[in-house]
1. Could you check the range A:109-160 for helices (runs of 4 or more DSSP H) lying wholly inside it with 3 or more residues that are more than 14 Å from chain B (Cβ to nearest Cβ) and within 20 Å of A:Ser184 (Cα to Cα)?
2. Pick from A:Val57, A:Val26, A:Val43: which is part of a helix (DSSP H, G or I), within 14 Å of another protein chain (Cβ to nearest Cβ), open to solvent by less than 70 Å² (accessible area, probe 1.4 Å) and β-branched (Val, Ile, Thr)?
3. Which residues, counting only those in the range B:79-103, are open to solvent by 20 Å² or more (accessible area, probe 1.4 Å) and either within 11 Å of chain A (Cβ to nearest Cβ) or in a loop (DSSP other than H, G, I, E, B) (or both)?
4. Do we find that B:Val243 is touching a residue at least 24 places away in the same chain (Cβ under 8 Å), of a type in the set (A, V, I, L, M, F, W, C) and touching a Ser or Thr at 6+ places or on another chain (Cβ under 6 Å) in this structure?
5. Inspect all residues belonging to the range A:31-53 and state whether any of them is more than 30 Å from B:Cys137 (Cβ to Cβ) and among the small types (Gly, Ala, Ser).
6. Cβ-Cβ below 7 Å, separation at least six or inter-chain, first residue in the range B:175-192 and free of Cβ contacts under 8 Å to residues at least 24 places away in the same chain, second crowded, with 19+ Cβ neighbours inside 10 Å and part of a helix (DSSP H, G or I): which pairs?
7. In the range A:161-179, which residues are in a helix (DSSP H, G or I) and of a type in the set (A, V, I, L, M, F, W, C)?
Amino acid sequence: MSSLFRSKVAWLLCFSLGFAPLAYIVYLAAQGGLGAEPAKALVEFLGEVAILALMLVLAMSPLRKIKQLSGINRFRRMFGLFVFFYASLHVASYAFLLVDWQNFIEDIYSRLYVMAGFVAFIVLLSLAVTSPKVMVKKLGKRWKSLHRLVYVAVIAAVIHVFWQVRSDYTEAAFYAALALLLLSFRFSYFKRRLFSVQRS
Amino acid sequence: MLIKIKKTSDICPSEITSESVYSSRRSFIAGATAGVGLMAAGISPFSSAALSTTYPNLITTPYGRGETLTPYDDVTSYNNFYEFGTDKSDPKKYAHEMTVDPWSVSVEGEADKTGVFQLEDLLKGVSLEERIYRLRCVEAWSMVIPWVGLPLNKVLEKFKPNSKAKYVEFETLQRPSEMRGQRSYLTSLEWPYVEGLRIDEAMHPLTILAVGVYGKSMPNQNGAPLRLVVPWKYGFKSIKSIVKIKFTEKRPVTSWEKSGPSEYGFYSNVNPGVDHPRWSQKRERRLPNSLFSPNRIDTAMFNGYADEVASLYRGMDLRKNF
């Protein structure tokens with residue numbers, strides 16, 4: 001099983017799979033299949049892909065503890081970068097296709113959910129920048145603590161979804177439950193952090 | 001083998017009027033005198049079989065002259081009808097599950113003539129008009145829609161409301177077995193959906209009960225068979241699939257008001273000067289737009305109907321009564 005993960009074919013498969021959502025939405029847009037407000041549909045789709053990909057990445061470290069799946073660890077960086085890729089497309093399409101520049105600053109003030117999303121994006125940006133092997137080496141121990149910020153990103157992303165709800169919380173609750181589940185696997189880490197804070 | 005069973009709600013391609021034909025319909029009808037003769041001799045548009053056909057002989061009105069119509073496909077595929085889900089595409093996907101024939105409306109409260117009325121009886125003897133109105137959603141998008149309907153006051157007067165009738169309350173159908181959005185556990189909206197108007201707003205000649213769009217019967221996703229259209233208020237005031245009309249002395253509490261009192265008020269008049277707490281209302285995106293141009297325009301006070309309706313709110317603080 002783990003040799004399967006190590007093959008070049010598996011790597012190529014995962015790499016091309018990562019572009020599948022983009023290919024799908026570009027195809028749909030070209031067909032005029034995005035409806036009356038295509039930019040909004042595009043931004044929402046890219047956001048959903050980004051948050052689901054983020055959940056997938058967070059699921060990888062609990063999953064690799066299952067012996068047969070330990071090989072997936074190889075794709076963690078790639079998947080992490082895909083999260084950043086879709087988050088960037090989400091932010092770029094929001095900024096260039098959807099936002100009203102005349103009221104942009106005012107909109108940011110009144111739209112707290114944009115702020116929450118922005119926090120998540122800044123975190124993802126800093127993680128993406130420090131993802132090359134050179135940076136891992138350079139940062140040493142600090143790399144790990146920096147990359148724990150991914151927990152901040154997922155919480156901010158879920159808040160970003162929650163604050164946009166107008167009446168039905170089903171989708172937001174789904175993301176929140178998923179995030180809580182994935183964070184619960186890191187319970188021992190959070191406990192340790194809390195204790196060390198108390199001691200100091 | 002694929003066996004395709006035709007649903008009664010399926011639209012046969014031959015039933016769809018192309019937009020080019022629709023926009024030139026007046027000259028078409030004027031030219032086709034023989035056709036007009038046939039139509040005039042035809043059945044009443046309100047026999048129940050006719051609910052799924054087109055409406056001939058609509059009275060035309062000057063409303064919306066010069067506006068570019070939002071295409072039929074967009075009007076009927078980009079909808080907020082949370083009874084069928086919160087995605088814009090959900091109503092078109094799932095509203096066909098709602099039975100709209102037979103349909104009755106319960107009339108209650110402060111009026112001499114109350115009771116349960118079949119839709120056909122309610123609309124007997126009325127003449128239908130085409131009203132091209134701007135529809136401004138509270139979410140900052142808008143459309144221009146050619147409704148088929150009649151002034152609400154013509155229907156309400158039939159019930160002879162008494163002097164205690166200060167407000168009119170409306171209710172949407174509640175039927176979770178056919179309306180999947182009503183089966184959601186995690187929603188802050190209470191069912192049935194309730195809306196309301198002050199009696200003078202309800203009696204205003206701009207306020208209509210609509211039974212169709214684009215000269216055809218109302219698609220389920222747009223609120224078949226009977227919905228309200230109040231063009232100077234945000235779209236959610238224009239309640240869909242109405243089953244109850246109640247004259248009340250006390251101001252009704254609407255569904256959105258109950259769900260978010262700081263975000264949605266009773267009046268909900270289109271007002272670029274009063275923002276929604278989570279977004280600006282100064283401008284709107286006129287739909288359809290394209291990927292690279294949001295087609296943004298300034299929002300007008302009372303959605304551009306100020307000349308006709310501003311007097312209803314004279315002396316009121318519209319910031320407080322949002």
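The values are calculated or read from the model by the stated rules, or taken from the named source; none is laboratory data. Everything quoted here is computed from the prediction, not taken from an experiment. Here Cβ is always computed from backbone atoms with ideal geometry, including for glycine, and neighbour counts include all displayed protein chains. Just the protein is used for accessible areas: all its heavy atoms, side chains included, with ligands, DNA and RNA removed. Shrake-Rupley method; radii C 1.70, N 1.55, O 1.52, S 1.80 Å.
1. In the range A:109-160, the matching helices (runs of 4 or more DSSP H) lie at A:141-147.
2. On the way: A:Val57 fails: within 14 Å of another protein chain (Cβ to nearest Cβ); A:Val26 fails: open to solvent by less than 70 Å² (accessible area, probe 1.4 Å).
Only one candidate qualifies: A:Val43.
3. B:Asn80, B:Tyr82, B:Thr86, B:Asp87, B:Lys88, B:Ser89, B:Asp90, B:Lys92, B:Thr99, B:Val100, B:Asp101, B:Pro102
4. Working: touching a residue at least 24 places away in the same chain (Cβ under 8 Å): yes; of a type in the set (A, V, I, L, M, F, W, C): yes; touching a Ser or Thr at 6+ places or on another chain (Cβ under 6 Å): no.
In short, no.
5. Going residue by residue through the range A:31-53, those that are more than 30 Å from B:Cys137 (Cβ to Cβ) are A:53.
If we keep only those that are among the small types (Gly, Ala, Ser) too, we end up with A:53.
So far as the range A:31-53 goes, yes, one or more of its residues are more than 30 Å from B:Cys137 (Cβ to Cβ) and among the small types (Gly, Ala, Ser).
6. Between residues of the range B:175-192 that are free of Cβ contacts under 8 Å to residues at least 24 places away in the same chain and residues that are crowded, with 19+ Cβ neighbours inside 10 Å and part of a helix (DSSP H, G or I), the close pairs are B:Pro176/B:Gln182.
7. The initial filter retains those residues of the range A:161-179 that are in a helix (DSSP H, G or I), namely A:161-162, A:170-179.
Residues satisfying the conditions are A:Val161, A:Phe162, A:Ala172, A:Ala173, A:Phe174, A:Ala176, A:Ala177, A:Leu178, A:Ala179.
Okay, residues lined up against (1) of a type in the set (S, T, N, Q); (2) open to solvent by less than 20 Å² (accessible area, probe 1.4 Å); (3) within 30 Å of B:His276 (Cβ to Cβ):
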site	(1), (2), (3)
A:Gly117	no, yes, yes
A:Ser131	yes, yes, no
A:Gly140	no, no, no
A:Arg148	no, no, no
A:Val154	no, yes, yes
